[in-house]
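Just so you know, all these numbers are worked out from the coordinates, no wet-lab data involved. Keep in mind the model is a prediction, meaning the values are calculated, not measured. Cβ placement follows ideal geometry from the backbone for every residue including glycine, while neighbour counts extend to all protein chains displayed.
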Amino acid sequence: MTEHRISCHRKYRFVGGNFKTTVQTIGQYQIDIYHDETFRQGSVDNSHKYDYVYFDKSNYVLPTMFGIKIFKDNQLLKSAIIGSIGGGTTNHKNATIIESDRFLICCSDTIFCLSIPDLTLLWRTQADQATCFEIFKYQDNYIVHGELEISRLDKNGKILWQQSGADIFTTISGGQDFELTDNFIIAKDFEDRVYKFDYNGKDFTDKTQFSWL
């Protein structure tokens, strides 16, 4: 499989206490992404202030909130914070996709797509019932490795198809549980059963792994 991504430089640092920050450079812009779990909308005591707040409506504290800041020549241009319900997600290399004029990020059960450099929310899609672990570019679409579902989204965030398994798509051993090959998406569940789907969502999984079938 051939995968094309915009070249960007990524590193980690700490800002404002214990906020682990991913610093990505794309062209003339620097994008900082970090956890800001202490943020409360409307509070005057927040460590960081934002131009935009993109939160799910919820009566509960959101499990994952990412602060995002875009700089040019060390000058802050725009800032935003995103948050969603579902399981907590971490800030790691396969949780974001950087493109020339926008980027996508996994945040709990949702994929957010924001513009560069304005941080306008272009779309957001709930791509899993629990947690979106990873996102990968495939042609002009995206493959999302979720806890309960594997999804393919188009460039506008529309879900083209989804597949689920007998258990969650992660392994108890913590080993490799998700792989994109030239023709197939390979995933493992909590019981190390192997699932195989093509990029059109057709299921090629060996059903003999499931004793009840």
For this session: Excluding residues fewer than 8 places away in the same chain, name every one of the aspartates and glutamates whose C-alpha is closer than 20 Å to that of K72.
Result: D32, D51, E99, D101, D118
Problem set entry | Answer label, with percent of Cα pairs over 22 Å apart calculated from the coordinates and candidates [x] 51; [y] 47; [z] 63 | [x]
Problem set entry | For R193, R124, R40, order by how many other beta-carbon atoms lie within 10 Å, fewest first | R40, R193, R124
For this session: With a 10 Å radius around each residue's Cβ, average the other Cβ atoms per peptide and rank 50-62, 72-84, highest first.
Result: 72-84, 50-62
Seminar exercise, completed: Computed for the chain: size of charge dipole around the Cα centre, +1 on C-beta of each Lys and Arg, -1 on C-beta of each Asp and Glu, debye to nearest 20, value 640
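Which entries of K78/K158; K137/K196; K155/K207; K93/K202 show an alpha-carbon separation above 22 angstrom in the structure shown?
Listed pairs above 22 Å: K78/K158; K155/K207; K93/K202.
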For this session: Order the peptides 111-121, 199-209, 155-165 from the highest to the lowest mean number of other Cβ atoms within 10 Å of their residues.
Result: 111-121, 155-165, 199-209
Problem set entry | Mean separation of Cα contacts under 8 Å (6+ apart) over length of the chain, as relative contact order % | 11
Exercise. Of all DSSP beta bridges in the chain, what percent run antiparallel (nearest 5)?
Worked result: 95
